[in-house]
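Trainee: Mind looking over this structure? Questions follow.
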Amino acid sequence: MEYLLVFDSTHQAITMETRVKEAGLLKARLIPTPETITASCGLSLKFQATDIEQINDFLQQERFTKTAYYRIVTDGLQKTFEPLEDK
Amino acid sequence: MEKINAIGDVCPVPVIKTKKALRTTDVVEIVVDNEIATQNLKKMAEQLGYGYSMNQVSTKEYTVVIDKNKADDEVCMPMTHVEVNEVKGESYSVFCDTQVMGRGDDVLGTTLMKSFFYALTEQDVLPDKVVLYNGGVHLAVEGSDVLEDLQTLLDKGVEVYACGACANFYGVTDQIKLAEITNMYRIVELMREANRVVKP
């Protein structure tokens, strides 16, 4: 399963991409935030659900706030995004 | 049959010599010294609907025969997305001359280019072709962040080309992944024939 981390700042998005690359999370990458999610600078980090703890650590270390997690739900050709409340 | 010795000729010359010969004769045998030249000749034969056969004599000698009378039988193929786009008049090709999208900040530009290629894979209408030249060839080099997206595009039938002279200039010819090496004659042709040209 894949998650999305939505940022409200492009600088934060680029910093996080650098952090996850340094950490060797090869499956994580920045993508343009899907249009159905509006509250965003336009960039999101797409990553494997199993990496969420590590990404959460990075977020806390960088003191990034106003970010939001979404779960990517793929149903055939349709992709939807459900907010993750517990993170 | 006309025989052409194109050993030692650089990039587009074997193709030009062959085209010239095909104006007056039906079968042409061309001897070239590198594999990329054979690929270019194959492409040309396919475009013109002529038969193509190649025999590798040694690592520095390849014999190609192009025969006007032996057209490939694989003419009746199901419609590709390219042909469907053509019918709908929505077809376009992407020409990319840089690793960074737009001017201003290159870190941002690199991020934007990655976003561009991701978004390209998600479009309802895919491009017919993606052509990379000058700094754009780096996008198709091993370790590039957009290789995954280029692979997705290839899987969906998009043709990806990289400029051979550019790859050579940057010393990355051996590291080019997924893209077919091409030359300026072909690039100009692709630009000229594109229904619409999209540049990130």
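Trainee: Here are B:K177, B:K156: which of them is among the charged types (D, E, K, R), within 25 Å of B:Q39 (Cα to Cα), surrounded by fewer than 18 Cβ atoms within 10 Å (Cβ to Cβ) and within 14 Å of another protein chain (Cβ to nearest Cβ)?
Mentor: Details: B:K177 fails: within 14 Å of another protein chain (Cβ to nearest Cβ).
Result: B:K156 is the single residue among B:K177, B:K156 that is among the charged types (D, E, K, R), within 25 Å of B:Q39 (Cα to Cα), surrounded by fewer than 18 Cβ atoms within 10 Å (Cβ to Cβ) and within 14 Å of another protein chain (Cβ to nearest Cβ).
Trainee: Identify, from the list B:D97, B:D72, B:D67, the residue that is more than 14 Å from chain A (Cβ to nearest Cβ) and at pLDDT 95 or above.
Mentor: B:D97
Trainee: Look at B:K3 and say whether it is more than 18 Å from the chain's Cα centre (by Cα), surrounded by fewer than 16 Cβ atoms within 10 Å (Cβ to Cβ) and assigned to a helix (DSSP H, G or I). Break it down stepwise before answering.
Mentor: Values: more than 18 Å from the chain's Cα centre (by Cα): yes; surrounded by fewer than 16 Cβ atoms within 10 Å (Cβ to Cβ): yes; assigned to a helix (DSSP H, G or I): no.
So B:K3 fails the test.
Trainee: Being part of a loop (DSSP other than H, G, I, E, B), without any contact (Cβ under 8 Å) to a residue 60 or more places away in the chain and not acidic (D, E) is the requirement here; does B:L178 meet it?
Mentor: Values: part of a loop (DSSP other than H, G, I, E, B): yes; without any contact (Cβ under 8 Å) to a residue 60 or more places away in the chain: yes; not acidic (D, E): yes.
Yes: the conditions hold for B:L178.
Trainee: Using the structure shown, decide if A:L59 is in a helix (DSSP H, G or I) and modelled with pLDDT of 90 or more.
Mentor: Values: in a helix (DSSP H, G or I): yes; modelled with pLDDT of 90 or more: yes.
The answer is yes for A:L59.
Trainee: For segment B:127-149, which residues satisfy the criterion of being more than 14 Å from chain A (Cβ to nearest Cβ) and either of a type in the set (A, V, I, L, M, F, W, C) or touching a residue at least 40 places away in the same chain (Cβ under 8 Å) (or both)?
Mentor: B:P127, B:D128, B:K129, B:V130, B:V131, B:L132, B:Y133, B:G136, B:V137, B:L139, B:A140, B:V141
Trainee: Can you say whether B:V198 is surrounded by 14 or more Cβ atoms within 10 Å (Cβ to Cβ), farther than 19 Å from B:T38 by Cβ and in contact with a His (Cβ under 9 Å, 6 or more places away or on another chain), as far as the supplied structure shows? Break it down into steps so the answer makes sense when it comes.
Mentor: Numbers: surrounded by 14 or more Cβ atoms within 10 Å (Cβ to Cβ): yes; farther than 19 Å from B:T38 by Cβ: yes; in contact with a His (Cβ under 9 Å, 6 or more places away or on another chain): no.
Taking the combined requirement at face value, the residue does not satisfy it.
Trainee: Where residues in segment A:1-15 are farther than 17 Å from A:Q61 by Cβ and without any contact (Cβ under 8 Å) to a residue 60 or more places away in the chain, which of them is nearest to the other protein chains (Cβ to nearest Cβ)?
Mentor: First, the residues of segment A:1-15 that are farther than 17 Å from A:Q61 by Cβ: A:1-4, A:6, A:8, A:10.
Filter once more, keeping what is without any contact (Cβ under 8 Å) to a residue 60 or more places away in the chain: A:8, A:10.
Working: A:D8: 16, A:T10: 7 Å.
It comes out as A:T10.
Trainee: Follow-up question, since we're still on this one. Taking the stated definitions as given, is A:D8 charged (D, E, K, R), part of a helix (DSSP H, G or I) and farther than 22 Å from B:D106 by Cβ? Before you say what the answer is, go through the steps one by one.
Mentor: Details: charged (D, E, K, R): yes; part of a helix (DSSP H, G or I): no; farther than 22 Å from B:D106 by Cβ: yes.
No; evaluated as a whole, the condition is false for this residue.
Trainee: Take the residues in segment A:16-42 that are hydroxyl-bearing (S, T, Y) and more than 10 Å from chain B (Cβ to nearest Cβ); name whichever of them is nearest to A:I55 (Cα to Cα).
Mentor: Taking segment A:16-42 and keeping what is hydroxyl-bearing (S, T, Y), we get A:18, A:33, A:36, A:38, A:40.
Checking the rest, the ones that are also more than 10 Å from chain B (Cβ to nearest Cβ) come to A:36, A:38, A:40.
Working: A:T36: 23, A:T38: 22, A:S40: 18 Å.
Per the stated criteria, the residue is A:S40.
Trainee: Quick check on B:E90: is it within 14 Å of chain A (Cβ to nearest Cβ) and either modelled with pLDDT under 95 or within 20 Å of B:R192 (Cβ to Cβ) (or both)?
Mentor: no
Trainee: Taking segment B:118-134 as the region of interest, how many residues are more than 21 Å from the chain's Cα centre (by Cα) and in a loop (DSSP other than H, G, I, E, B)?
Mentor: The qualifying residues number 3.
The values are calculated or read from the model by the stated rules, or taken from the named source; none is laboratory data. All values reported here derive from a predicted model rather than from experimental measurement. Neighbour counts run over all protein chains shown; Cβ positions are idealised from the backbone, glycine included.
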